[in-house]
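> One structure, pasted below without further comment.
The values are calculated or read from the model by the stated rules, or taken from the named source; none is laboratory data. This is a predicted model, so every value here is computed, not measured. Counting neighbours? That spans all protein chains shown, and the Cβs are built from the backbone with ideal geometry, glycine included.
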Amino acid sequence: MAVMDKSWRDAALRISTLPLLLLFATFFVIPLVMTVLLSFQGTQYYRLVWTWDLKVWADVFGQAHYWKIMWRTLTMALICTLLCSVLAIPIAYAMVNRLGRWSEHVMLLMVFAFLTDAVLKTFGWVLFLDRSGVLNGTLQALGLPPSAVNVLFTPSATMIGMVYNLLPYAIFTTALSMARIDRDLLLASYDAGASRVRSFFEVTLPLSRPGISAGAVLVFVLSLGVFLEPKVMGGGTSPMAAELIRQSFETRVNWPLGAALTVVLIVIGAAVLALAGSVAILRARRAA
């Protein structure tokens, strides 16, 4: 079978990429550039003023309150990514290797739950975790004191909501990666005397890393922008960056400040992803 090498000097190849470039420029590059330019403006009487100065950036870097919220957002995002990755591995393994014909039904139910409105699911958790809700009512029926679980309106409740809403991303990517593993490799490990546990850690888990990594990236990026869970389940006691940005645009009507905070959040997220990618590349080179 002949292999055709293509180069960017080929006019037909450049023309074929134009729709993708236009889509990328329209929905990512242009809005990002406009956001950066907006951060150098000012406001007066709740109206945008084109001043072209660094006043907003001086305000952002001069107040520790903003960076405290950014640090909290980054910490919560990393914890959520770790929890989703750890929980997704056994669930995906069970779906691919243990549930058999029930695997498709479980995945279909997960898709239905995933497509359900996030607002409804979040308020459902509020009713479940409330002091007089289902969880405490069940524990009280079992003989425990009233309000034994007082999690609602705390950072822990926020984390529960984040993991619940973002876990499907990690499950689906990990399951797809595990489903592509050659079954003969597992059979060979069994023939060599390896147990199921050892085969999982030495065959299944290493070969599933692309899916696990893809799910971790999706969860991390999406968790940086959550605002419903901190506001509803966290009660607004520990706001995150998305809520701060929303308040800057809507409540305070300070668009330059909201734009500057958006740029800071994007830079932080991109830096963490670049660092994780560099570490993964170094490990791959050392393993090779």
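> Just to be sure I understand, how many residues within the range 242-288 are at pLDDT 85 or above and of a type in the set (Gly, Ala, Ser)?
Qualifying residue count, the range 242-288: 10.
> How about the range 245-281: which of its residues are without any contact (Cβ under 8 Å) to a residue 24 or more places away in the chain, under 19 Å from Trp57 (Cβ atoms) and surrounded by 12 or more Cβ atoms within 10 Å (Cβ to Cβ)?
Ile245, Gln247, Ser248, Phe249, Arg252, Gly258, listed by residue number.
> I need every pair where a residue in the range 35-58 that is at negative phi and free of Cβ contacts under 8 Å to residues at least 12 places away in the same chain has its Cβ under 7 Å from the Cβ of a residue that is surrounded by 13 or more Cβ atoms within 10 Å (Cβ to Cβ) and not in a loop (DSSP other than H, G, I, E, B), sequence separation at least 6 or different chains.
That search, which allows pairs on different chains as well, returns Val49/Gly42; Val49/Thr43; Thr51/Gly42.
> Scan the range 130-163 for residues that are assigned to a helix (DSSP H, G or I) and under 21 Å from Met240 (Cα atoms) and jot them down.
Pro155, Ser156, Ala157, Thr158, Met159, Ile160, Gly161, Met162, Val163
> Only one residue in Leu127, Leu185 is aliphatic (A, V, I, L, M) and over 24 Å from Gly100 (Cα atoms), so which one is that?
Unique residue meeting the criteria: Leu127.
> Which of (1) surrounded by 13 or more Cβ atoms within 10 Å (Cβ to Cβ); (2) of a type outside the set (D, E, K, R); (3) modelled with pLDDT of 90 or more is the odd one out, the single condition Met95 does not satisfy?
All conditions pass for Met95, except number (3).
> Quick one: is Gly143 at pLDDT 80 or above and either of a type outside the set (Phe, Trp, Tyr) or surrounded by fewer than 18 Cβ atoms within 10 Å (Cβ to Cβ) (or both)?
When the stated conditions are applied, Gly143 does not pass them.
> Hand me the list of helices (runs of 4 or more DSSP H) wholly inside the range 190-288 holding 2 or more residues that are hydroxyl-bearing (Ser, Thr, Tyr).
Those helices (runs of 4 or more DSSP H) span 209-224, 255-287.
> Would you pick out the residues in the range 61-72 that are part of a helix (DSSP H, G or I) and either under 21 Å from Ser39 (Cα atoms) or modelled with pLDDT under 90 (or both)?
Across the range 61-72, the qualifying residues are Phe61, Gly62, Ala64, His65, Tyr66, Trp67, Lys68, Ile69, Met70, Trp71.
> Among the residues of the range 43-54, which ones are charged (D, E, K, R) and either part of a loop (DSSP other than H, G, I, E, B) or in contact with a helix residue (DSSP H, G or I) (Cβ under 8 Å, 6 or more places away or on another chain) (or both)?
Matches in the range 43-54: Asp53 only.
> Which residues, taken from the range 178-201, are closer than 21 Å to Ser85 by Cα, buried (at least 17 other Cβ atoms within 10 Å of the Cβ) and either in contact (Cβ under 8 Å) with a residue 40 or more places away in the chain or more than 30 Å from the chain's Cα centre (by Cα) (or both)?
Selection gives Met178, Phe200.
> Counting just the residues of the range 74-85 that are under 15 Å from Pro168 (Cβ atoms) and hydrophobic (A, V, I, L, M, F, W, C), which one comes out surrounded by the fewest Cβ atoms within 10 Å (Cβ to Cβ)?
Leu83
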